[in-house]
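J.: Take a look at this one; I'll ask things after.
Derivation of every value follows stated rules applied to the coordinates shown; laboratory data play no part. Remember, it's a predicted structure, so these values are computed and weren't measured experimentally. Cβ placement follows ideal geometry from the backbone for every residue including glycine, while neighbour counts extend to all protein chains displayed.
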Amino acid sequence: MAAKKKTTKKRTTKKTKPTKNQAKARSKPRAPQSPEARLRRQLARAPLGTLVGVLAPRPVSGGRSQGERRPTMIMTLLAWQFDGGPVQRRELVVRKQVDESTLSKMMKRFDDYDVVRLRVRLAEENAFGSPQALLVRVLGKGRGGKEIDAAAAELKKPLTVEDERLGVLTYDRGVEWFEGEAPWEGGGRVAVYLVPESGTGADGIGPVLDLARRVWGEGEEWERRAKDKAVDRLLDLKNESWLDEDEGEEPLSEEEFRANMRLTAVQIAADGSIEFTFADGDMFFGHDIVVKGTVEEGWRSANIEG
């Protein structure tokens with residue numbers, strides 16, 4: 001009698017219907033990455049090489065972004081050369097996450113316009129739209145070769161413009177503005193800060209210089225209206241909260257408030273924003289009175305600062 005063949009049943013897996021939460025998770029689009037996250041990925045894959053360059057004024061800085069445990073150290077170069085390629089005369093930002101102690105040491109180690117040699121990963125095209133590099137290690141500082149050394153010597157020279165009304169203005173590469181001291185209505189002098197459009201550097205002085213000439217041409221009226229704004233916003237604050245009761249100080253009148261204000265600085269930017277800074281005559285115990293607005297629309301605010 002023939003033996004019966006043993007048959008095996010195929011196992012079948014029962015398909016389960018996804019839960020509502022699973023279905024939502026599958027259909028939910030991924031949140032777009034932040035520019036910072038994209039930059040980190042790009043730098044991690046960027047070519048590794050040797051960078052030689054000239055540090056900017058205030059060359060090393062640092063800070064934490066939201067959620068970061070360690071600060072990111074930033075080194076800014078004004079002229080640089082990567083792996084023996086052509087010298088670039090555009091800003092390059094080199095970054096690395098470090099501990100607080102390392103950041104402090106690096107800030108003390110480097111000076112304005114130092115020539116440095118760094119091992120980096122360089123991404124000229126990236127999520128930030130301007131050259132960025134990831135620091136691997138510092139190789140040293142000193143001479144950088146004929147072209148880089150020449151660039152450093154040129155960058156150390158003061159860059160100035162001279163204007164008939166405002167006098168000599170010197171470009172500060174660290175904060176990217178022109179500064180000087182100019183005559184003002186009534187025979188006094190004030191500090192001047194002119195801020196070109198971002199990214200234009202010293203070449204962007206033209207438009208903001210035109211705005212400054214307009215303001216200087218009507219200086220007395222600009223100052224009068226600035227004091228009007230300060231009186232409107234700050235006189236009540238002074239009389240209600242800032243009287244020196246130990247000295248028996250009496251509430252001030254509008255004219256007394258104005259008389260105590262002395263213009264010390266004027267800042268104008270290429271976007272039309274303007275600030276007048278006044279010494280407070282000790283009305284707010286030495287704080288500055290800062291009035292802000294635009295060249296086209298006039299004064300908008302007055303506050304005590306500093």
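J.: Quick one: putting +1 on the C-beta of Lys and Arg, -1 on the C-beta of Asp and Glu, what dipole do you get for the chain around its Cα centre, in Debye to the nearest 20?
T.: Computed charge dipole of the chain: roughly 6480 debye.
J.: Here is a follow-up. Less than 18 Å apart at the alpha-carbon level, and either on another chain or at least 8 residues along: which aspartates and glutamates does that give for K146?
T.: D83, D114, E154
J.: For the chain, modelled as a Gaussian network with Cα springs under 10 Å, which listed residue fluctuates most, A226, A150, A182?
T.: Fluctuation is largest for A150.
J.: Oh, and also: Roughly how far apart, in whole Å, are the Cα centres of segment 116-140 and segment 239-261?
T.: Rounded to whole Å, the Cα centres lie 55 Å apart.
J.: Could you give the length gained on full extension between E181 and S101, defined as 0.36 nm per residue of separation minus the Cα-Cα distance, in nm? Can you show the working numbers first?
T.: Working: separation 80, 0.36 × 80 = 28.80 nm, distance 3.88 nm.
So the chain would gain 24.9 nm between E181 and S101.
J.: How many nm separate the modelled label positions at E221 and R89, each set 7 Å beyond the Cα in the direction of the Cβ?
T.: 4.1 nm
J.: Full-extension gain between D246 and S65, please, as 0.36 nm times their residue separation minus the C-alpha to C-alpha distance.
T.: On the way: separation 181, 0.36 × 181 = 65.16 nm, distance 4.49 nm.
Once the chain is fully extended between D246 and S65, it gains 60.7 nm.
J.: If the limit is 27 Å between Cα atoms, which of K238/K292; K108/K157; K157/K292 go over it? Kindly include the intermediate steps, with their values, before the conclusion.
T.: Numbers: K238/K292 19 Å; K108/K157 23 Å; K157/K292 33 Å.
Those over the limit are K157/K292.
J.: Would you compute, from DSSP H runs of 4+ residues alone, the mean residue ellipticity of the chain at 222 nm, taking -39500 (n - 2.57) per run and dividing by the full residue count, rounded to the nearest 500? Present the calculation step by step, with values, prior to reporting the outcome.
T.: On the way: 7 runs with 83 residues, N = 306.
Mean residue ellipticity, 222 nm, calculated: -8500 deg cm²/dmol.
J.: Hey, another quick one. Indicate, rounded to the nearest 5 percent, the antiparallel portion of the DSSP beta bridges found entirely in the chain.
T.: Working: 64 of 72 bridges.
The antiparallel proportion sits near 90 percent.
J.: Comparing Q33, Q132, Q97, which has the greatest mean-square fluctuation in the GNM of the chain with Cα pairs linked when under 10 Å apart?
T.: Q33
J.: Mind putting a number on the dipole of segment 160-305 about its Cα centre? Charges go on the C-beta only, +1 for Lys and Arg and -1 for Asp and Glu, and I need it in Debye to the nearest 20.
T.: Details: 15 positive and 36 negative charges, 117 e Å.
Value, rounded to 20: 560 debye.
J.: Still on this structure: Would you please classify the overall shape of segment 35-152 from the alpha carbon gyration tensor, given that a ≥ b ≥ c denote the square roots of the eigenvalues, rounded means a/c under 1.5, and beyond that prolate means a/b larger than b/c while oblate covers the rest?
T.: Numbers: a/c = 1.93, a/b = 1.25, b/c = 1.54.
Judged from the Cα gyration tensor, segment 35-152 comes out oblate (a/c at least 1.5, b/c at or above a/b).
J.: Let me ask something else. Of the listed values (i) 1.07; (ii) 0.98; (iii) 1.23, identify the label whose number matches Rg/Rh (Cα atoms, Kirkwood Rh) calculated from this model.
T.: (iii)
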